[in-house]
Amino acid sequence: MTKDLTQLEILTELEPVAEQNLNRHLSMAKEWHPHDYVPWDQGRNFAALGGVDWAPEQSKLSEVAKVAMITNLLTEDNLPSYHREIAENFSQDGAWGTWVGRWTAEENRHGIVMRDYLVVTRGVDPVALEQARMVHMTNGVHSPEDWGGFLENVAYVTFQELATRVSHRNTGKVCDDPIADRMLQRIAADENLHMIFYRTLCGAGLDLVPDQAMVAITKVLTNFVMPGAGMPNFRRNGVLMAKHGIYDLRQHLEEVVQPVLKKWNIFDRNDFGARGERARDELGAFVAKLERDAARFEEQRDRLLAREAARELASV
Ligand SMILES: [Fe+2]
Ligand SMILES: [Fe+2]
């Protein structure tokens, strides 16, 4: 029977790992500049400065690409909320504090470059985008009340960073613009490095306090919602993005959940006590259900897409 460690004890124990991985991150991260990714020559003034305001026909993006871009950008915009969660649950001292600051600064680039791109290319309605940002940021994000602290938060961001990586990459593909694709690939590469930091720290947490960490991971995965939850039209937009393979259950399972669980060796570990075993069993059942749900969703989607294709054919 292992004794539970307090939040402070866990952070203190893991500080050397945080420092080592902060240094690894700094050596791997590439400096890049948002302005290099935006086609400024496509820009022109809006009416307030004597130009023309946005109109739908100016956008070259498909409906799906617009929705995916807006969802991803609003998620990046909510950085102050994510910063608050991380800053409150990680320490402000030493390597932890440096990481929180550095991560926040890197994330801020994502919102900067995506907004510049969308406004300059007139990809989406800038007024509607601004209104949605106001609503979404005013609401903020809040982690569930029973999330204890560091372990839940580090598990959550591990999956979230990987999920946003998948979502950005697939959004780049549907934009049908090599400039957008390049920009979103650049962002996705950042998200991957962030994921590696959090995954390593959560893995170290598992080694340090296996039962406590396992309980936290199960809690987080069985309650996982994409970061866009709470934004205007999130459900409708989430369905549209799933339908077009930007982020769906199969990707969540096979590209996000399973690779991380495998890296942590969850199902082959033998260092759990009764509590950890129970949490692992619960997670195993949850993953099996996710598999069934993903298969059912794909069948429905295939039928829906076939019906739509038949209708289009009939109308030609
Ligand atoms: Fe980001
Ligand atoms: Fe990130």
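Here are the numbers:
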{"quantity": "Selected residue [in contact (Cβ under 8 Å) with a residue 12 or more places away in the chain and under 18 Å from Asp125 (Cα atoms)] from Leu73, Leu49", "calculated": "Leu73"}
{"quantity": "Failed item, numbered, when Ala55 is tested on (1) of a type in the set (A, V, I, L, M, F, W, C); (2) farther than 26 Å from Glu107 by Cα; (3) under 22 Å from the mean Cα position of the chain (by Cα)", "calculated": "(3)"}
{"quantity": "Any hit, region 111-125, residues being basic (Lys, Arg) and within 16 Å of ligand 2 (Cβ to nearest atom)", "calculated": "no"}
{"quantity": "Residues of region 154-181 that turn out to be touching a helix residue (DSSP H, G or I) at 6+ places or on another chain (Cβ under 8 Å), in a helix (DSSP H, G or I) and more than 16 Å from ligand 1 (Cβ to nearest atom), as a count", "calculated": "6"}
{"quantity": "The listed residue being surrounded by 11 or more Cβ atoms within 10 Å (Cβ to Cβ) and over 19 Å from Ala216 (Cα atoms), out of Ala310, Ala314, Ala294, Ala306", "calculated": "Ala294"}
{"quantity": "Hey, Asn192 more than 15 Å from Ala68 (Cβ to Cβ), within 16 Å of ligand 2 (Cβ to nearest atom), over 13 Å from the mean Cα position of the chain (by Cα) and in a helix (DSSP H, G or I) or not", "calculated": "no"}
{"quantity": "Output for region 134-153, where each listed residue is part of a loop (DSSP other than H, G, I, E, B) and away from ligand 1 (no atom under 14 Å from the Cβ)", "calculated": "Gly140, His142, Ser143, Pro144, Glu145, Asp146, Trp147, Gly148, Gly149"}
{"quantity": "Failed item, numbered, when Asn237 is tested on (1) at pLDDT below 95; (2) assigned to a helix (DSSP H, G or I); (3) surrounded by fewer than 17 Cβ atoms within 10 Å (Cβ to Cβ)", "calculated": "(3)"}
{"quantity": "Selection within region 91-117 - in contact with a Leu (Cβ under 7 Å, 6 or more places away or on another chain) and more than 10 Å from ligand 1 (Cβ to nearest atom)", "calculated": "Ser91, Ala95, Trp96, Thr98, Trp99, Thr104, Arg115"}
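Listed here are the residues, each with its yes/no results for (1) hydrophobic (A, V, I, L, M, F, W, C); (2) on the phi < 0 side of the Ramachandran plot; (3) modelled with pLDDT of 95 or more.
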{"position": "Arg165", "(1), (2), (3)": "no, yes, yes"}
{"position": "Gly203", "(1), (2), (3)": "no, yes, yes"}
{"position": "Pro210", "(1), (2), (3)": "no, yes, yes"}
{"position": "Val215", "(1), (2), (3)": "yes, yes, yes"}
{"position": "Met226", "(1), (2), (3)": "yes, yes, no"}
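The values are calculated or read from the model by the stated rules, or taken from the named source; none is laboratory data. Quick caveat, the model's predicted, so the values are computed rather than measured. Virtual Cβ from ideal backbone geometry, glycine too; neighbours counted across all protein chains shown.
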